[in-house]
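Before any comments, here is the structure.
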Amino acid sequence: MENLFVHTAGWLRALLAAAGLPDLATDFVMMFLKLGAILVYILISALWLVYMERKVSAYMQCRLGPNRVGPFGLLQTTADIGKLISKEIIIPRLADKKLFLLGPVLIFMPPLAVFAVAPFGKDMVAIDMNIGVYYFLAVASLSTVIVWMSGWASNNKYSLIGGMRVVAQMVSYEMPLILSIVGVIILTGTLNMSEIIRAQENVWFIFLQPLGFIIYLIAGIAETNRAPFDLVEGESEIICGPFTEYSGMGFAMFFLAEYANVVLVSVMATTLFLGGWHAPFGLTFIPSWIWFLLKVYLMIFLFMWFRWTYPRIRVDQLMEFGWKVLVPLSIANIFITGIGKYLYQAVRW
């Protein structure tokens with residue numbers, strides 16, 4: 001079980017080599033298969049998280065949640081997808097049709113590209129990059145441009161204001177998110193995600209960087225437009241923000257992309273702060289990829305817990321909290337980490 005996926009990949013590579021494919025073609029096919037598996041995982045996770053959120057919110061509000069379609073309501077999300085597929089995609093008359101239709105197509109590209117460098121278990125990474133953390137930060141930020149493009153292309157005032165909020169909110173909270181990660185990089189001296197996980201073999205960084213983890217968690221919630229920071233689509237103010245004019249599967253793609261980004265932020269939190277694939281309490285008989293996924297879904301549960309606990313804040317409070325509270329705290333965390341590492345190396349405790 002530990003090396004199930006590693007052995008499967010090795011078997012496929014040996015099969016392609018036995019078929020007489022050149023090494024370059026074999027590498028290309030293997031990369032295509034890995035990215036395809038990642039895409040399938042993203043889509044299945046997004047569908048499951050819609051059901052999971054309904055059940056979690058129902059539990060917190062003393063309700064039952066989905067319980068009619070399929071056993072335990074498991075097919076409710078599938079029924080919703082069928083309904084959305086059957087709906088007409090209405091394009092506003094004055095919209096930029098090419099960009100309007102391109103937005104839902106491109107919105108899944110950044111998560112797919114970033115998951116390619118995420119280690120899901122020991123030796124289970126599609127592309128093991130030396131600059132994995134830098135790559136994550138660079139590519140994940142492209143979602144801002146795509147959502148802004150969709151809001152602008154709709155030629156709708158509510159969509160435009162929602163797109164402007166996307167830029168303001170996500171750029172503002174990228175600052176504390178990036179700065180919260182710097183402490184981990186100082187401790188490890190690397191941007192390689194697999195090396196960062198290996199550095200947590202003895203102690204997870206959530207214990208060495210508790211402030212960094214809290215800042216990352218708050219900034220991650222804001223980056224994924226989740227309550228209490230879901231100002232991008234404040235229904236009482238701007239209807240559905242940049243997604244107002246989208247219907248059918250166009251809207252569904254943005255909706256599912258939000259959950260894909262939640263998984264992405266949780267994967268990074270697991271990698272940077274929760275020890276990645278390392279087992280707690282010496283329970284190494286459980287495969288590393290199972291531990292990794294358990295930690296990821298624990299983080300996702302926290303995201304859902306916060307959504308159904310805290311009310312939405314005002315947009316001015318959102319911006320002030322990011323720039324006046326989180327950014328100074330994250331800078332202070334960098335200085336404290338740097339001083340602590342210097343003293344540790346000097347004294348050799």
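I'd like to verify something in the chain: which complete DSSP H helices, judged by Cα projection on the helix axis, reach 18 Å or more and average at least -1.0 on the Kyte-Doolittle scale?
On the way: long enough: 4-18 (21 Å, 1.31); 23-60 (53 Å, 1.24); 157-188 (46 Å, 1.32); 210-223 (19 Å, 1.77); 248-272 (37 Å, 1.53); 288-307 (29 Å, 1.51); 327-347 (30 Å, 1.10).
TM-like helix candidates: 4-18, 23-60, 157-188, 210-223, 248-272, 288-307, 327-347.
Put simply, when 240-247, 78-85, 262-269 are sorted by average Cβ atoms within 10 angstrom per residue, most first, you get 262-269, 240-247, 78-85. Could you let me know the centre-to-centre spacing of segment 45-122 and segment 247-291, using Cα atoms, in angstrom? Each part's Cα centre sits 16 Å from the other's. Partners of Lys34 within straight-line reach, counting lysines whose Cα lies under 17 Å from its Cα and excluding those fewer than 8 residues away in the same chain: Lys122. Would you mind checking the pairs Lys87/Lys157; Lys157/Lys324; Lys97/Lys157 and listing those with alpha carbons more than 19 angstrom apart? Too far apart for the 19 Å limit: Lys87/Lys157; Lys157/Lys324. Peptides 213-224, 40-51, 186-197 ranked from most to least packed, by the mean per-residue count of other Cβ atoms within 10 Å: 213-224, 186-197, 40-51. Taking the helices alone, the chain has a mean residue ellipticity at 222 nm of -22000 deg cm²/dmol, built from -39,500 (n - 2.57) per DSSP H run of at least 4 residues and averaged over all its residues.
Less than 22 Å apart at the alpha-carbon level, and either on another chain or at least 8 residues along: which lysines does that give for Lys55? Correct list for Lys55: Lys83, Lys295.
Given a Förster radius of 41 Å and the C-beta distance between Leu74 and Val203 as r, what FRET efficiency does 1/(1 + (r/R0)^6) yield to the nearest 0.05?
Working: r = 39 Å, r/R0 = 0.94.
The computed FRET efficiency comes out at 0.60.
Of the labelled figures (1) 1.05; (2) 1.56; (3) 1.00, only one reflects Cα Rg over 2.2 N^0.38 Å as derived from the coordinates, namely (1). When the chain is treated as a GNM with alpha-carbon contacts under 10 Å, the residue of Phe229, Phe281, Phe100 showing the greatest mean-square fluctuation is Phe281. Note on Ile313 and Leu298: the extension gain reaches 2.9 nm, defined as 0.36 nm multiplied by sequence separation minus the Cα-Cα distance.
Per 0.36 nm of contour for each residue apart, how much would the distance between Leu283 and Met31 grow if the chain were fully extended, relative to their Cα-Cα spacing? Spell out each step's value before the answer.
On the way: separation 252, 0.36 × 252 = 90.72 nm, distance 3.19 nm.
Using 0.36 nm per residue and subtracting the Cα-Cα distance, I get 87.5 nm.
Fully extending the segment from Asp23 to Trp11 would add 2.8 nm, taking 0.36 nm per residue of separation and subtracting the current Cα-Cα distance.
Each reported figure results from applying straightforward, stated rules to the coordinates on display, with no laboratory input. Please read all numbers here as calculations on a predicted model, not as lab measurements. Positions of Cβ are generated from backbone atoms using ideal geometry, with glycine treated the same way; all protein chains shown enter the neighbour counts.
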